[in-house]
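What follows is a single structure, written as structure tokens, with notes after it.
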Amino acid sequence: VTGQQLGRTIGYPTANLHVTDKLKLVPAIGIYAVWVTTAAGTRHPGMLSIGVRPTIGEDLAQTIEVNILDFSGDLYGQLLTLEFVAWLRGEEKYDGLAALTAQLALDALATRAALSQ
């Protein structure tokens, strides 16, 4: 799913996900450490956000987006499989993109720690 592409401007590009199976349960709003497997079968560490992105604006629709750590490439139209490993924190509103970017750096560290166990 094509998003606003804001993540790439702050150093954290995301794949915006659409759940196609109506019987799949979506976890609670928050930030998660996940393993992401691509259609090609490669497995990557990722940090995933489920929420309404309150720092970006008000009354936005809920999104599911994942930043795949240490990955560059085009994932548009590809099927991704997620393995949820750890809930990191709830969604928060920050005072601008600089504060959000600083938190994302901490989230990346927490993601690596959770996935290394």
**OP:** Determine the gain in length on full extension of the stretch LEU82-THR42; use 0.36 nm per residue of separation and subtract their C-alpha separation, reporting nm with one decimal.
**Re:** 13.2 nm
Original post:
Given a Förster radius of 35 Å and the C-beta distance between LEU109 and LEU23 as r, what FRET efficiency does 1/(1 + (r/R0)^6) yield to the nearest 0.05?
Top reply: 0.50
Subject >> Normalised contact order of the range 31-117, rounded percent, pairs of Cα under 8 Å and 6 or more residues apart >> reply: 39
**OP:** For the chain, set up a Gaussian network in which alpha carbons nearer than 10 Å are linked by springs, and say which option among GLU92, GLU58, GLU83 fluctuates the most.
**Re:** GLU58
Original post:
Anyone know which of VAL26, VAL66, VAL36 comes out most mobile in the 10 Å Cα GNM of the chain?
Top reply: VAL26
Original post:
From the Cα gyration tensor of the chain, with a ≥ b ≥ c the square roots of its eigenvalues, which class applies: rounded if a/c is under 1.5, or else prolate if a/b is larger than b/c, or else oblate?
Top reply: rounded
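Every read-out reported here was derived from the displayed coordinates using simple, explicitly stated rules and does not represent laboratory data. Not measured: the values here are computed from a predicted model. So basically every Cβ, Gly included, is an ideal-geometry build from the backbone, and we count neighbours across all protein chains shown.
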